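Structure first, then comments.
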Amino acid sequence: MSTPLSENETFHLASNHSGTPGWIALTLDYARPVARAAVDRVMRTLIERHDMLRSHFAAVDGGFTRVGYSAARVVAREVRLSDAQSGPAFADGLMSQIAGVCNPLRPMPHYLAAVERPDSTTVILAFDHCYVDARALAVLGAETDELLAGRELGKAESGLAAMSRTIAHDAGVTPDDWRLRGWRDFLAAADWRVPEFPLDLGLPAGDTAPTHTQVRTLLPAEPAERLSSAVHQLGGRTYPAVLTCAGSAIARLGGPAELGVVIPVPVVKSSRAVAWLVGSAPLRVDCAGAGLASAVQVNTARLAAALPLAEIGLTPVYQAYGDRLRRARSDVFMMSYVDYTRLPGADAAATAAQISSEKQSDTAQWWFWRDHAGIHVRVRHPHTEQAGQVIARALEVTAALMRDLAGPPPNPSDPVAGRPGAGQVDADPQG
């Protein structure tokens, strides 16, 4: 039986069909050469083991349907780049190739490649957004690490089955659902305005500009461990602590005392399934009015309460409150967090980073991630001079606040500093 389309897939395909494509990719940088035959085996294995990747979509009768293929029909086609030089021209050519391949309305629309150098290799896993979200990319990255290390993978979870469970769950939302009331309370507190980045980015409402991206390492690995340890001692978690520091930085630059933002949330417990299994939850971030420590505690509780609101999808929200919503921007202000260190088999020698397609934008979106090198962020915003300056300053203040929260390095002479387990990160989904 064919798996029906999810809310995310339907919205995305309609946007794609109207001329606004959207792909996302994971790059894995290995500080060693990787044999081409090994990369070829990895790419074939990933597609063969994940049913979501063995499908595409077709436009039918004014809508879309899913078309699936068996593993036996997987055909890999080698695409050679003009050279393996680094630099803007090479990056532009690579982005252009990915955009040309990742079309969900064609069979096998995936761009899997490796950039070979004498002493390093970059593996690129690029897909139209319909097939993966950031969590699924992390799964594929961890499996790539395992395969390149010569280890066997366990049985794959079905992304299509996980998608079916998500769709069935969405169908059970009733007008009195408490999660729908949670969305109502969030929107009503904002006077029914859809969240947008609160600082002036130099772009009038109704205008858009090409997207620009700023990437920063906010904390290297050792301070990041100290941050997690410090907030856990407060009863907090790393993800809400990062949000607290970002919100407080924005507040110090003229933003509100409470920051309204939408956060992507995994809505299926299948941690190894590959599909777009992320919903959206609303969150009001306390921007440290009573101090960072207090705000981390508040925001940890708020995030835990907000996570279930992602389970119902946005369609019931629009149906219930769409006539009240006020939207000045086409994009929505979002902040996301992915911890790559939590995935089994994560290779400390591989540095992971997410990239995505270029498009017009009119607000800022923040994508935090953690790996063995520390905590980083990628901010996409309109390419205006003012936006570049505002975001750069916000990132500087965010990093400074995170350093303050992490505290100074431990004194080697302090016996407590070296005790087993100090600085460990626990397994809480909030980090």
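The values are calculated or read from the model by the stated rules, or taken from the named source; none is laboratory data. Note that the structure is predicted; figures quoted are calculated from it, not measured. So basically every Cβ, Gly included, is an ideal-geometry build from the backbone, and we count neighbours across all protein chains shown. Ligands, DNA and RNA are excluded from the accessible area calculation, which covers all protein heavy atoms including side chains. Shrake-Rupley method; radii C 1.70, N 1.55, O 1.52, S 1.80 Å.
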Taking K and R as +1 and D and E as -1, what net charge do the other residues with C-beta under 13 Å from the C-beta of Val298 add up to?
-> +1
What is the calculated FRET efficiency for Thr315 to Ala189, with r their C-beta to C-beta distance and R₀ = 35 Å, to the nearest 0.05?
-> 0.95
Using all C-alpha to C-alpha distances in the chain, build P(r) with 10 Å bins and read off the rounded percent in each one.
-> 4, 20, 31, 28, 14, 3, 0, 0
When the accessible area of the chain is split by element with a 1.4 Å probe, what percent falls to carbon and sulfur?
-> 54 percent
Simple spin-label model, 7 Å along Cα-to-Cβ: Thr20 to Arg326 in nm?
-> 2.2 nm
Would you check the accessible area of Met334, probe 1.4 Å, heavy atoms only, in square angstrom rounded to 10?
-> 30 Å²
What does the accessible area of Val139 come to, in Å² to the nearest 10, when a probe of 1.4 Å is used?
-> 0 Å²
Mind checking the per residue accessible area of the stretch 98-140 for me, 1.4 Å probe, whole number of Å²?
-> 27 Å²
Accessible surface of Asp207 in the full protein assembly, 1.4 angstrom probe, to the nearest 10 Å²?
-> 70 Å²
Counting only residues 5 or more apart in sequence or on a different chain, those whose built amide H sits under 5 Å from that of Val265 are Gly279, Ser280, Ala281
Choice from Met95, Met335, Met52 with maximal GNM fluctuation in the chain (Cα, 10 Å cutoff) = Met95
Per residue, how much accessible area does the stretch 296-376 have with a 1.4 Å probe, in Å²?
-> 40 Å²
For the stretch 1-46: Kirkwood Rh in Å [reciprocal of mean 1/r, alpha carbons] = 14.2 Å
CD proxy, 222 nm, the chain: helix-only mean residue ellipticity via -39,500 (n - 2.57) per DSSP H run with n ≥ 4, per residue, nearest 500, stands at -11000 deg cm²/dmol
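Could you tell me the relative contact order of the stretch 107-161? Use alpha-carbon pairs under 8 Å, at least six residues apart, and round to a whole percent. List each step's numbers first, then the result.
On the way: 31 pairs, mean separation 11.5, N = 55.
That works out to 21 percent.
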If a helix is a whole DSSP H run, which ones in the chain reach 30 Å or further along their own axis (Cα) and hold a mean Kyte-Doolittle hydropathy of at least 0.0?
-> 385-406
In the stretch 1-65, what chymotrypsin sites (Phe, Trp or Tyr not before Pro) fall in a loop by DSSP, with at most 15 other Cβ atoms inside 10 Å?
-> none
Quick tally, 1.4 Å probe accessible area for His110, His381, His129, His372, sorted with the most first, runs His372, His129, His110, His381
Before anything else, pin down the relative contact order of the stretch 315-388: Cα pairs under 8 Å, at least 6 apart, normalised by residue count, whole percent.
-> 30 percent
In terms of modelled amide H atoms, which long-range or inter-chain residues lie less than 5 Å from the amide H of His212?
-> His381, His383
Check Ile375: other-chain or 5+ apart residues with amide H under 5 Å from its amide H, H built from backbone geometry?
-> Leu218, Leu219
What FRET efficiency comes out for the pair Asp61/Trp178, r = Cβ-Cβ distance, R0 = 25 Å, nearest 0.05?
-> 0.10
Would you work out the relative contact order for the chain, in percent, from Cα pairs under 8 angstrom that are 6 or more residues apart?
-> 23 percent
GluC sites (Glu not before Pro) restricted to DSSP loop in the stretch 127-161 with at most 16 other C-beta within 10 Å = Glu152
